[in-house]
Amino acid sequence: MKNYLNLFLLSMVFITVGACKSNDDNVFCAEIYIPMVSNINYLNENGKDLIFSDSPLYPVEGIKIYKIAPNDQHISFSFTINRAQKFIAVNLEKIENGTFYIQLKPGVIDRISYTSKIDEGDPCRDYKLTELKQNDKAGQYDKKTQVWTFRK
């Protein structure tokens, strides 16, 4: 009888362990809005930093980023300055094609167009930035630093 009880308990352990499934396939996608962010910096043709150098041509305090609404109203884009890693982080709208403007100083304005697509490899199917252009000239993306560089 004792052997039957041990066999029964051992069988229950195997059945219980076998019934547990891995939840590795289940991914929790946040229900809060997470913006698509683009990190941007400007260099001159010789590679000199135009925003974060000791004497910048375009000081960060004067930078404005906005889009233009159909009624020609300027709508500010949210952005932050990362002085340590030397980039401007711009919060973009999650759309396939968008345009915004960076005013580096009065009279110096760049039209920035971007393309994004839904990342099929992302289980949450979120947008991923695929291209950024400054006045129709493609920006350079550094995968290591995750910064788009524009030349002036």
Inset, instruction - Could you grab the Rg to Rh ratio for the range 86-152? Cα atoms only, Kirkwood for Rh. - result: 0.99
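How many times 2.2 N^0.38 Å is the alpha carbon radius of gyration of the range 30-122?
Output field value: 1.19.
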Inset, instruction - Specify the inter-centroid distance of the range 31-103 and the range 116-152, based on alpha-carbon positions, in whole Å. - result: 13
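Report in % the part of the accessible area of the range 72-114 that belongs to carbon and sulfur, leaving out ligands and nucleic acids; probe 1.4 Å.
45
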Inset, instruction - Can you find, among G47, T115, N91, the residue farthest towards the positive end of the dipole of the range 17-152? Put +1 on the C-beta of Lys and Arg, -1 on that of Asp and Glu. - result: G47
Legend entry - Accessible area expressed per residue, the range 25-152, with surrounding protein chains retained (probe 1.4 Å, Å²): 63
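The values are calculated or read from the model by the stated rules, or taken from the named source; none is laboratory data. Every value quoted in this text rests on a predicted model; they were computed, and no experiment measured them. All Cβ positions, glycine included, derive from the backbone under ideal geometry; neighbour counts span all protein chains shown. What goes into the accessible areas is simple: the full protein's heavy atoms, side chains included, and nothing from ligands, DNA or RNA. Shrake-Rupley method; radii C 1.70, N 1.55, O 1.52, S 1.80 Å.
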